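Chemist: This is the structure, below, for whatever I ask next.
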Amino acid sequence: EMTARATIVTTAGQEYYALPTDFNGILDIEVKADSTATKRYTATYVNTETLNAISTNGIVASDNSFYYSIVDNQLQILPTTDLQTIEAIYYVRVTPLADTVDNFVAQYNPDTYIYGILTEINAISKDYEAAQGFEARFKESMNEIRVNDVRKTRGTNMQIQLG
């Protein structure tokens, strides 16, 4: 629930591409020859200074090295290529609650909101003992979200037994 996938088709000479509006951090970026290509190249994150040095030194796509950075909510990728497909797996931003908006926290972990609100209410009313109790439950709920994310995204290694 916390991740999404976006694809971008590159244009020759273009370094910067808009990130999705719900973008909240990169997990993985791969570059493919096209949307159906089976050969993928994992892009390597570098800071903007290193990316500028790579650009200045004229790295070419033929060595199958791709680099990226995040600048002003845009994906900067080098080298620039034409008609390649960038596939980005990213964390999504939690959508704020509203009458017509539901998000994955409210849908799958509503107790997280409840414990968070109860922590704040009790802190404001200066019932610090109750606030600490609800804060502990809030942290447990947040940890459940993390554990579920790890289980769903990383899974377990399958083993095959012969014989």
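Chemist: If you take the residues of the range 1-35 that are over 17 Å from ILE89 (Cβ atoms) and of a type in the set (Asp, Glu), which of them is modelled with the lowest pLDDT?
Modeler: Residue satisfying both the conditions and the ranking: ASP34.
Chemist: May I pose another question? Looking at the range 120-150 only, could you name the residues that are exposed (fewer than 14 other Cβ atoms within 10 Å of the Cβ) and hydrophobic (A, V, I, L, M, F, W, C)?
Modeler: Listed by number, the residues that qualify are ILE121, ILE124, ALA136, VAL147, VAL150.
Chemist: Filter the range 16-35 down to the residues that are in a loop (DSSP other than H, G, I, E, B) and open to solvent by 50 Å² or more (accessible area, probe 1.4 Å) and list them by number.
Modeler: Selection gives THR21, ASP22, ALA33, ASP34, SER35.
Chemist: Give the number of residues within the range 81-119 that are closer than 30 Å to THR38 by Cβ, crowded, with 18+ Cβ neighbours inside 10 Å and in contact with a helix residue (DSSP H, G or I) (Cβ under 9 Å, 6 or more places away or on another chain).
Modeler: Number satisfying all stated conditions: 2.
Chemist: Any chance the range 52-59 includes a residue that's out of contact with any helix residue (DSSP H, G or I) (no Cβ under 7 Å at 6 or more places or on another chain), of a type outside the set (Lys, Arg) and at pLDDT 85 or above?
Modeler: no
Chemist: If you don't mind, there's one more thing I want to ask. Might you let me know whether the range 36-46 holds any residue that is at pLDDT below 85, open to solvent by 50 Å² or more (accessible area, probe 1.4 Å) and in a helix (DSSP H, G or I)?
Modeler: Looking through the range 36-46, none of the residues is at pLDDT below 85, open to solvent by 50 Å² or more (accessible area, probe 1.4 Å) and in a helix (DSSP H, G or I).
The values are calculated or read from the model by the stated rules, or taken from the named source; none is laboratory data. Note that the structure is predicted; figures quoted are calculated from it, not measured. Positions of Cβ are generated from backbone atoms using ideal geometry, with glycine treated the same way; all protein chains shown enter the neighbour counts. Note: accessible area is taken over every heavy atom of the protein model, side chains too, but ligands, DNA and RNA are not part of it. Shrake-Rupley method; radii C 1.70, N 1.55, O 1.52, S 1.80 Å.
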